[in-house]
Amino acid sequence: MNDTPLLGPAPAFKARIRLFLLRLKEAIPTPLLVAVAYFVGAEAAFLIGRLSDMSFAPFWPPNVVLFCALLLAPERRWWIYLVAAFPAHVLAELQVGMPTAHLLVAFSTNCSVAVLNAAALRKILGDLPWAVTLRTASYYILVTAVVSPAICAFGGAFGPILGGSPIENYFLCWGQWYLSNALGSLTLGPLFLTMFSDSPRSSSVAPPRRQAEAVILGVALAIVCATAFQFSNRTIALGFIPALLYSPLPLILWSTVRFGEKGASAAILIVAIVLLWRTLNSSSVFVAGNPEANVLALQMFLVGLAIPVLLLGASIDEVRHAEQSTSENEERMGLAAASANIGLWHYDPATERFWATGHCRSMFGLAPHVGLTHFTLINAIHPEDRQVAIEAMKAAANSEQPTVSEFRTISADGQTRWIRARAYSHFGDRGVPVRLSGILVDITDYKTAEAEAELQRREVAHLMRVSVLGELSGAIAHELNQPLTAILSNAQAALLVLAQTPADLAEVKEALEEIEMEDTRAGEVIHRLRDLLGKGKSTFAAIQFNDLIESTLQLLRCELIGRQIRVSMNLGDHLPPTYGDAVQLQQVVLNLVMNAMDAMSATPVSRRAITVSTRVTETGRIEATVADRGPGVSSEVRAKVFQPFFTTKDHGLGLGLSICLNIVKSHGGEINLDSNGEGGATARVILPTPEVDDG
Amino acid sequence: MTMPAFTIFVVDDDTAVLKALTRLLRVNGLSIQTFSSPLEFLLRHDPSVPGCAILDLSMPGLDGLKLQQELATQHAELPVIFITGKGDISTGIRAMKAGAVDFLTKPVRDSELLAAIEQARERVVKITEARAQLDSIKARLARLTPREHEVLALVVAGRLNKQIASELGTVEKTIKVHRGRMMKKMGVRAVADLVRMAEKANIRPQD
């Protein structure tokens, strides 16, 4: 039997075997395949060598074949495998001239050890495939190399007795049977199981160097074993036995460390085969005098060697698997975070080292080769936002609360991104931050959308102003016509006076003064209109709210007269200034008064009145109210009145109050609408004042 | 008899406009009275003064059209000229139907305004003349005896003396005497003149 394919079969070769086995499986029923393997295993054992009494092979693969087959097969089909193995057993044993009784006992104990192994492992570890861990390896060894063969050996030991061996040899036979089965389970079993439970993915990626390494290791191990035993006869006398015994150990450990459980079992199998073969062919390190005793010593040596090596292999597999799954998890987490536009990072203050996912780098516009340092990171932040980001990180380092900051980054090609960073500290035992970690979220899209929404809000507000002024166009024309009329009349009067002799220059002067005054007045009207019609950026400035109301009502004066509505103003004294956008706040007042006017279209003329009041609230804020004598607001209207597109008017768009709400909110104020004692509605706007709200 | 001068009553709630219009009309030699609200005008102006009113169409309290109606009930002969900052056609038509002299939009030119005032003055003259005429007819009618009244009504209705006599239960000769006396008192010779006079005095022909 060649050893190399067992150690680390080349993938191509393995794949070919797999394909061949698959084809064979399709062509021949599995039980038949198992029967053949059983027979081949027996023949191999016979080839390696038999003990002198011919009862046992010191290494018995058929039981392992059967046990592995049972592990792979569903339990209700086990009997088929056992039945199929029987002819193979008979055929193999008849070759060596085994008596019938002995043959039957041997078969039944072979079956029982296979069934016991398979059943116990299934019970403990569940169905295949098992993850190779220290736990599974321990259970495997406990069941297949300790408990199960020990029990079955009590039956197996009867074989040689029935074959004619003296009864005194019962316990020797028990030991031989036990060790031959344990050795098979420890060498062949793990190899079979790791091969068959291999997922196709892991077996197909071994690079050529690794394959070469496996082959070299196998060959070297075989040579070392063979050579060590070749020289043994000469060196035993010199007391070198331990050295010779341990000579394969470095290679076994190498194989185990490099190839895990698979390497461990393959190495042990090679050592077992070579050593057994050499020992049975009369060159052994063990010098008990007869080959049986030598073999027994060798078996015990091999079992003793196999158990720790297999456990080591399992541990290595477990660690490697854990490492792999950790890195897979990390990769998966990174991927998930990146697809959610989140970057993950942490920072170790002791080493001043940053770790970050690739997405963090792309957010900072850093190339993969650029090192993550304070300098590169801070340099990538927009100069205006650097202080914000640094402060936030400092705050996070000094607090148990996470901090959130928003800043911009600029990549090398000048692209700006908005980043929201969340950072928190992990504190060590002594209350010192040991690690700062957090996430980065790319909020550029959100910021862009926000800016666009703001722009749209302004556009809508502007359109509404234009449309309100459109409604008021007649009234505004009148407002403008008044000064123009005065100017024209004064001018014509002055001209006429100048044409008279003597001209009354005092009259002319008076007329001109009035022209000047009225021109100013017309200019004011136009100025107000231009502000309201303008689309200018919102500018915050100190505003005297009373002036704003008076100016707005001036604009509405003619419309109010036209609709025969009386207006009374009840403006509070000593109103503190408020900060805001005068045009926007004027739009609010305009909207509220227009609403009040519209609400009273069905009110009898004698009752039509609007009261506009301002006062300072108890909390020092400014409160402005517009009260009408319309039908008031019902509770269901009140609930919806600030929603966009809600209207009670026949031709209303339903945007006026929703725009008012937007404007007032953006000024940090409140707005509400309620019924009043007069039966009408009162709109109330409350605005902050810098003294109160900033102090 | 001394007639008070033809006076322009200017009503506008906008002080500047009121002052300017006043100046313009004053330097054009017109006599003016100003009122800053419709109510003030209604309460304070003297209806016996001949003149015309210049009203701003939109004023708080009482708008121009309402004021026009109010004036029509109190003081029918006062012609009204509207001036407005936001002239729309329907308001204009309503104002003209209600008897406004003119409907001018602000800013108003002096020529337009003076022309409208001239028109109003003519209307006032006509109204005054018509009233004087009616007064003299009424004075003559007052001198007629009841019998002469009856005869007048039947003559205006186009009856012959014989028919009148039979209707009134008397003889034709007596009717001729009554009729002659009635024509003389009324100061007319032809029946046609009498009919025109009766129409002006709103005397319905008796059937």
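Solvent-accessible surface of protein heavy atoms, probed at 1.4 angstrom with all chains present, puts B:Met96, B:Met183, A:Met195 in the order B:Met96, A:Met195, B:Met183, largest first.
In terms of packing, defined here as the mean over residues of other Cβ atoms within 10 angstrom, the peptides A:59-65, A:16-22, A:684-690 line up highest first as A:59-65, A:684-690, A:16-22. Once the partner protein chains are put back, the stretch B:7-38 shows a loss of at least 10 square angstrom of accessible area, versus the chain by itself, at B:Asp13, B:Asp14, B:Ala16, B:Val17, B:Lys19, B:Ala20, B:Leu21, B:Arg23, B:Leu24, B:Arg26, B:Val27, B:Asn28 (probe 1.4 Å, ligands and nucleic acids excluded). The distance linking the stretch B:69-130 with the stretch A:145-195 is 135 Å (Cα centroid to Cα centroid, whole angstrom).
For the stretch A:618-633, backbone phi angles converted through the Karplus equation (6.51, -1.76, 1.60; θ = phi - 60°) give residue-by-residue couplings of 4, 8, x, 8, 9, 10, 10, 10, 10, 10, 10, 10, x, x, x, 10 Hz, Gly and Pro being listed as x. Considered as an equivalent ellipsoid built on the Cα gyration tensor, the stretch A:112-166 has semi-axes of 29, 10, 7 Å, the largest given first. Using the Cβ-Cβ distance between B:Arg143 and B:Glu118 with R0 set to 25 Å, the FRET efficiency works out to roughly 0.05.
For the stretch B:35-116, the normalised intensity computed at q = 0.15, 0.20, 0.22, 0.26 Å⁻¹ comes to -0.49, -0.90, -1.09, -1.46 (log10 of I(q)/I(0), Debye sum over alpha carbons, equal scatterers, no solvent). The mean number of Cβ atoms from other chains found within 10 Å of a Cβ in peptide A:492-503 is 3, as a whole number.
Could you tally the net charge around A:Glu524, taking each other residue with its Cβ under 15 Å from the Cβ of A:Glu524, Lys/Arg +1 and Asp/Glu -1? Spelling it out: positives minus negatives among the neighbours equals -4. Counting lysine pairs in chain A that sit 8 or more residues apart in sequence, or on different chains, and whose Cα atoms lie under 19 Å apart gives 6. For chain A, averaging the sequence separation of C-alpha pairs within contact (under 8 Å, six or more residues apart) and dividing by the residue count gives a relative contact order of 8 percent. For the stretch B:67-207, the tally of Lys pairs with Cα-Cα distances below 22 Å comes to 19, considering only residues 8 or more apart or on different chains. Between B:Ile127 and B:Val49, full extension at 0.36 nm per residue minus the direct alpha carbon distance yields a gain of 26.7 nm.
Heavy-atom accessible area buried between chains B and A is around 2200 Å² (1.4 Å probe, both sides summed).
Within straight cross-link reach of B:Lys66, meaning Cα distance under 12 Å, which aspartates and glutamates are found once same-chain residues fewer than 8 apart are removed? Candidates past the 8-residue exclusion: B:Asp56. Each residue of the stretch A:642-650 is assigned a 3J(HN,Hα), and the resulting list reads 8, 7, x, 6, 8, 8, 10, 8, 5 Hz, derived from the Karplus form 6.51 cos²θ - 1.76 cosθ + 1.60 (θ = phi - 60°), x at Gly and Pro.
Just tell me how shielded A:555-562 is by partners: mean number of partner chain Cβ atoms within 10 Å of each residue's Cβ, no decimals.
3
Counting only alpha carbon atoms, the long axis of helix A:473-499 and the longest principal axis of chain A meet at about 30°.
Taking the Cα centre of the protein assembly as shown as reference, the dipole from Cβ charges on Lys and Arg (+1) and Asp and Glu (-1) amounts to some 2600 debye. DSSP finds beta bridges in the protein assembly as shown, and of those with both partners inside it, around 65 percent are antiparallel. How would you classify the stretch B:52-192 from its alpha-carbon gyration tensor, with a ≥ b ≥ c the square roots of the eigenvalues: rounded for a/c under 1.5, else prolate if a/b is greater than b/c, otherwise oblate? Prolate, because a/c is 1.5 or more and a/b exceeds b/c.
Distance between the modelled labels on A:Glu75 and B:Ala5, one decimal in nanometres: 13.2 nm (7 Å Cα→Cβ projection). A straight line joining the Cα centroids of the stretch A:618-695 and the stretch A:554-599 runs 13 Å. The mean count of C-beta atoms from other chains within 10 Å of the C-beta of residues in A:337-349, rounded to a whole number, is 0. Which percent of the accessible heavy-atom area of the stretch B:62-132 goes to carbon and sulfur, probe 1.4 angstrom? Ligands and nucleic acids excluded, carbon and sulfur give 53 percent.
Sequence-distant contacts, meaning Cα pairs under 8 Å at least 6 residues apart, place the relative contact order of chain B at 14 percent. Protein heavy-atom accessible surface, 1.4 Å probe, per residue over the protein assembly as shown: 50 Å². Spacing of the modelled spin labels on A:Arg566 and A:Ile17, each 7 Å from Cα toward Cβ, amounts to 10.9 nm.
For the stretch A:417-567, the relative contact order is 21 percent, taking Cα pairs closer than 8 Å that sit 6 or more residues apart in sequence and dividing their mean separation by the residue count. Projecting label points 7 angstrom from Cα along Cα→Cβ for A:Leu128 and A:Asn329 puts them 2.9 nm apart. Extension gain for A:Glu452-A:Ser399 works out to 15.5 nm (0.36 nm per residue, less the C-alpha to C-alpha distance). A viscosity of 1.567 mPa s and a temperature of 4 °C, combined with the Kirkwood radius over C-alpha pairs in the Stokes-Einstein formula, give the protein assembly as shown a diffusion coefficient of 32 µm²/s. For the stretch A:477-615, what class follows from the C-alpha gyration tensor (a ≥ b ≥ c being the square roots of its eigenvalues): rounded when a/c is under 1.5, otherwise prolate if a/b is larger than b/c, else oblate? Since a/c reaches 1.5 and a/b is larger than b/c, the shape of the stretch A:477-615 is classed as prolate.
Across the stretch A:454-460, computed HN-Hα scalar couplings (Karplus, 6.51 cos²θ - 1.76 cosθ + 1.60, θ = phi - 60°) run 4, 4, 5, 4, 5, 4, 4 Hz from first to last residue, x flagging Gly and Pro.
The values are calculated or read from the model by the stated rules, or taken from the named source; none is laboratory data. Note that this is a predicted model, so its numbers are computed, not measured. All Cβ positions, even for glycine, are placed from backbone atoms using ideal geometry, and neighbour counts span all protein chains on display. These accessible areas exclude ligands, DNA and RNA; they are computed on the full protein's heavy atoms, side chains included. Shrake-Rupley method; radii C 1.70, N 1.55, O 1.52, S 1.80 Å.
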